[in-house]
Amino acid sequence: MSFTLAPLPYAYEALEPHIDVQTMQIHHGKHHQAYVDNLNKAIAGTEHESKTIEEIVAHAGSISAAVRNNGGGHWNHTFFWASMAPNAGGAPSGKLAEAIDAAFGSFDAFKEKFNLAGMTRFGSGWAWLIVKDGKLDICSTPNQDNPLMDVADVKGTPILGADVWEHAYYLKYQNKRADYLSAFWNVVNWAVVEERMMAAM
Ligand code: MN
């Protein structure tokens, strides 16, 4: 089996002005496509050909760097596209809002801690909101690792992720990662994040 790149669940320009159309075209059409193509090359003729992407990333510590990086890249980006939507953002509600308040004190305190995780990830990586032992937690990972991987410092089930690689923001925000992370909150699909939380808890 080989992996394929699914179309975005919305138009490339749908997240304007927060995430610009050119960034989305290159990020999805070039970067994510390259992870898929390189993953397929790396697993060709190996035992990984019969595995799901979840099975591959779960065993990141015992697979080649090419499979770990490109498999993580494929999983992370598929998850990331679904974490965003046009006409989204704002504040979460319902059970998710309650869980965020319980874990972090308030929605603003949560955003501050998540932004800090993204800002303090040196180089390339991801900031995550995860379910860990039935509670919400925040962590970050380097490169294309994620909290599902056996090698992760903090393991859990991701329910929201922000890509903090420069390719995710440089065309519009240049070196200003903080401005990109501020804009990210305008496109978070809280309905999907809540569904993921309910499934994980
Ligand atoms: Mn990316």
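The values are calculated or read from the model by the stated rules, or taken from the named source; none is laboratory data. Just so we're clear, the structure is a prediction, and the values are computed from it rather than from any experiment. As a convention, Cβ positions derive from the backbone with ideal geometry for all residues, glycine included, and neighbour counts pool all protein chains shown. The area values use the complete protein model at the heavy-atom level, side chains included, leaving out ligands, DNA and RNA. Shrake-Rupley method; radii C 1.70, N 1.55, O 1.52, S 1.80 Å.
Pairs linking a residue in segment 24-36 that is farther than 10 Å from L8 by Cβ to a residue that is within 8 Å of the ligand (Cβ to nearest atom) and open to solvent by 30 Å² or more (accessible area, probe 1.4 Å), with Cβ atoms under 9 Å and 6 or more positions apart or on different chains, are I26/H167; K30/H167; H31/W165; H31/H167.
One residue alone among G118, G125 is over 21 Å from A199 (Cβ atoms), touching a Pro at 6+ places or on another chain (Cβ under 8 Å) and open to solvent by less than 20 Å² (accessible area, probe 1.4 Å), and that residue is G125. I'd like to check something: does segment 65-81 contain any residue that is more than 17 Å from the chain's Cα centre (by Cα) and either at pLDDT below 95 or not β-branched (V, I, T) (or both)? Yes: segment 65-81 contains one or more residues that are more than 17 Å from the chain's Cα centre (by Cα) and either at pLDDT below 95 or not β-branched (V, I, T) (or both).
Inspection of segment 157-164 identifies at least one residue that is farther than 16 Å from V188 by Cβ, of a type in the set (S, T, Y), more than 16 Å from the ligand (Cβ to nearest atom) and modelled with pLDDT of 95 or more. Quick check on G125: is it within 16 Å of the ligand (Cβ to nearest atom) and touching a strand residue (DSSP E or B) at 6+ places or on another chain (Cβ under 8 Å)? Spelling it out, G125 is indeed within 16 Å of the ligand (Cβ to nearest atom) and touching a strand residue (DSSP E or B) at 6+ places or on another chain (Cβ under 8 Å). Listed by first and then second residue, the pairs linking a residue in segment 176-201 that is open to solvent by less than 30 Å² (accessible area, probe 1.4 Å) to a residue that is assigned to a helix (DSSP H, G or I), with Cβ atoms under 6 Å apart and 6 or more places separating them unless they lie on different chains, are Y180/Y173; L181/N115; L181/G118; M197/L96.
Rundown of residues vs (1) more than 16 Å from the ligand (Cβ to nearest atom); (2) under 25 Å from A183 (Cα atoms), yes/no style:
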residue: P7; (1), (2): yes, yes
residue: A11; (1), (2): yes, yes
residue: I19; (1), (2): no, yes
residue: I26; (1), (2): no, yes
residue: H32; (1), (2): no, yes
residue: G45; (1), (2): yes, no
residue: H48; (1), (2): yes, no
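Screening segment 137-166 for residues that are in a strand (DSSP E or B) and over 22 Å from A99 (Cβ atoms) and picking the one that is most open to solvent (accessible area, probe 1.4 Å) gives P142.
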